[in-house]
Amino acid sequence: MVRGVKAAHWLFAYLAAVVAVTLLHEPWLLAVLLAGALAASGAARWRILRRAVLAGLTFNLAVSLGYAAVALWQGNFSAYYLLLVNLRVLLLVYLGFWFVVRVNLVEACRFSPTLSFVVTLSAGQIEAFSRALRDFRLAFVSRNAAAPALSARARHAAAQAGHLLDKSVCMAAETALAMRSRGCFDDYAGLPPLQAPPPTTPAWRPHRPGPASAYKKP
């Protein structure tokens with residue numbers, strides 16, 4: 001894994017590659033770049049490709065089916081556009097997984113303290129959610145000796161989604177308070193500077209002698 005200053009160079013190269021890929025509109029060129037990325041990623045290429053396909057499958061499938069249904073209904077379906085979108089998403093996801101596998105992201109962001117803090121915070125959040133997902137999966141497996149029915153899977157998925165949503169809201173609130181206490185948010189940036197109130201003179205009051213007393217100082 002790449003560390004140190006060289007990791008920052010890889011980070012900038014990855015960001016430039018993402019921008020360049022979004023500017024390409026030829027499927028054959030995206031396919032060539034994907035083949036080049038596969039050839040350059042070494043022995044881990046098929047593992048990274050599998051992760052990229054599985055990660056983008058839900059998004060690509062939903063978008064592709066939605067586009068195909070609307071485009072066929074309107075009579076302007078384009079297989080060229082569908083191929084372009086899917087190749088672009090696959091290439092971007094593959095580059096992202098390849099970068100994460102090859103480069104230490106915390107080391108790559110060390111040049112910026114704020115960015116390092118955000119990356120460390122994000123890594124902690126990802127690890128917390130990964131542990132929660134793993135606990136849910138192990139608990140579900142341990143409570144079902146046989147293959148569960150589809151309705152049981154649906155109820156489990158709904159309970160898991162509700163828990164993750166509640167956990168994300170609570171963790172977001174706690175993280176915002178922690179970041180505010182460490183000076184990451186300036187709540188008074190847009191407010192006018194405070195001005196000292198003008199000095200006030202005490203109101204004039206007539207002098208009154210104190211009460212008479214029979215006591216005399218010896």
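The values are calculated or read from the model by the stated rules, or taken from the named source; none is laboratory data. Because the structure is predicted, anything quoted here is derived from the model rather than measured. Neighbour counts are summed over all protein chains in view; Cβ atoms, including those assigned to glycine, are modelled from backbone coordinates with ideal geometry.
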So if I check each of ALA123, ALA128, ALA146, ALA108, which one is surrounded by 14 or more Cβ atoms within 10 Å (Cβ to Cβ), at pLDDT below 85 and not polar (S, T, N, Q)? ALA108
Total residues in segment 27-44, condition crowded, with 17+ Cβ neighbours inside 10 Å and in a helix (DSSP H, G or I): 5
Criterion: outside the structural domain of ALA31 (by TED's automatic domain parsing), aromatic (Phe, Trp, Tyr) and under 30 Å from LEU15 (Cα atoms) - qualifying residue of PHE129, PHE140, PHE97, PHE136: PHE129
Any residue at all in segment 51-58 that is farther than 17 Å from PHE97 by Cα and either touching a helix residue (DSSP H, G or I) at 6+ places or on another chain (Cβ under 9 Å) or modelled with pLDDT under 90 (or both)? no
What are the pairs, 6+ residues apart or on separate chains, where a residue within segment 156-180 that is touching a residue at least 40 places away in the same chain (Cβ under 8 Å) has its Cβ under 8 Å from a residue that is among the polar types (S, T, N, Q) and assigned to a helix (DSSP H, G or I)? MET171/GLN125; THR175/GLN125
Flagged pairs (Cβ under 6 angstrom, 6 or more apart or on separate chains; first in segment 20-37, among the acidic types (Asp, Glu); second surrounded by 14 or more Cβ atoms within 10 Å (Cβ to Cβ)) are none
One residue is enough: does segment 196-218 have a residue meeting the conditions at pLDDT 60 or above, exposed (fewer than 10 other Cβ atoms within 10 Å of the Cβ), aliphatic (A, V, I, L, M) and not assigned by TED's automatic domain parsing to the domain that holds GLY124? yes
Of the numbered conditions (1) of a type in the set (A, V, I, L, M, F, W, C); (2) closer than 30 Å to SER112 by Cα; (3) in a loop (DSSP other than H, G, I, E, B), LEU24 satisfies every one except a single condition; which is it? (2)
Filter segment 75-100 for residues that are surrounded by fewer than 14 Cβ atoms within 10 Å (Cβ to Cβ) and either of a type in the set (A, V, I, L, M, F, W, C) or closer than 23 Å to ARG47 by Cα (or both) and give the result. ALA79
Test ARG134 against the criterion of being basic (Lys, Arg), part of a helix (DSSP H, G or I) and either in contact with a strand residue (DSSP E or B) (Cβ under 7 Å, 6 or more places away or on another chain) or surrounded by fewer than 17 Cβ atoms within 10 Å (Cβ to Cβ) (or both), and give yes or no. yes
